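The values are calculated or read from the model by the stated rules, or taken from the named source; none is laboratory data. These figures come from a predicted structure and were not determined experimentally. Cβ placement follows ideal geometry from the backbone for every residue including glycine, while neighbour counts extend to all protein chains displayed. Please note that ligands, DNA and RNA were not included when accessible areas were found on the heavy atoms of the full protein model with its side chains. Shrake-Rupley method; radii C 1.70, N 1.55, O 1.52, S 1.80 Å.
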Amino acid sequence: MISYCCAHSRSAGRLFSWVARRCRKRFSKKGFERCQQQLMSGLARAGFSGATVLDIGCGVGHLHQSLLERGADSAVGIDLAPKMLVEARAWAADRGLSGRTQYVEGNFMELADAVVPADVTLLDKVVCCYPDADGLVHKSLAITRRVYGLIYPRQRWLTRFGAAAGGLFLWLIRSDFRPYIHDPGQIETWIIAEGFQKCFEDQTAIWLTQAYIRP
């Protein structure tokens, strides 16, 4: 019998694989979304020169590959969607970054104990993909040496409505994947309790972008 967590993960992998090519084409044409521009600014403030990067839910790889082009040393990308990783590997090859990147397919929560700690950890729109935000945040913080950057939904009526509408659509197409809106105050409390200090915060109508650094 497949547990809900496994069903959720498999559905997420299928869903994001379906949009993988579109994600790469979108970034090739338009570049970073506004919230991702904010994250890059936060990471620049925290510092990533010579850093090892762990990108959880890396998608097609544009965030960590851009960090490599701007001074980071190497990166590991983890994603549930196999086709996202196909695009990430191809893009790394196109940008001459294959030797500095490694990609792992699977659920981070199941892989975390085997993941090598990194200087910088990224979670771009990943917290909202997990029902267990507590577990995700604490497992990812445990293998972060210095900088922790994340983008996740603000807790307001617009995001709650969007999550509910998205959940209804996914139910109608018989997908087990669901988006989640977690409490930003609780997330910040968890991060600070692990010895990190917030060095950057910005937002859009939907997304909250934060960067933390371990002093």
Inset, instruction - Name the single residue, out of those in region 76-108 being within 20 Å of ARG145 (Cβ to Cβ) and in a helix (DSSP H, G or I), that is modelled with the lowest pLDDT. - result: PHE108
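Scan region 62-76 and tell me whether some residue there is among the small types (Gly, Ala, Ser) and crowded, with 23+ Cβ neighbours inside 10 Å.
yes
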Inset, instruction - Could you please find all residues in region 178-197 being in a loop (DSSP other than H, G, I, E, B) and closer than 19 Å to ARG160 by Cβ? - result: ARG178, PRO179, TYR180, ILE181, HIS182, ASP183
Legend entry - Evaluation of VAL116 against (1) closer than 24 Å to HIS62 by Cα; (2) open to solvent by 20 Å² or more (accessible area, probe 1.4 Å); (3) modelled with pLDDT of 95 or more; (4) not in a loop (DSSP other than H, G, I, E, B) (one fails), failing number: (4)
Inset, instruction - Please specify each residue of region 119-128 satisfying the condition of being modelled with pLDDT of 95 or more and surrounded by fewer than 23 Cβ atoms within 10 Å (Cβ to Cβ). - result: ASP119
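Condition check ((1) in a helix (DSSP H, G or I); (2) at pLDDT below 95; (3) of a type in the set (Ser, Thr, Tyr); (4) open to solvent by 20 Å² or more (accessible area, probe 1.4 Å)) across all residues:
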| site | (1), (2), (3), (4) |
| --- | --- |
| ARG10 | yes, yes, no, yes |
| GLY13 | yes, yes, no, no |
| PHE16 | yes, yes, no, yes |
| ARG22 | yes, yes, no, yes |
| PHE27 | yes, yes, no, yes |
| GLN38 | yes, no, no, no |
| LEU43 | yes, no, no, no |
| GLY50 | no, no, no, yes |
| VAL53 | no, no, no, no |
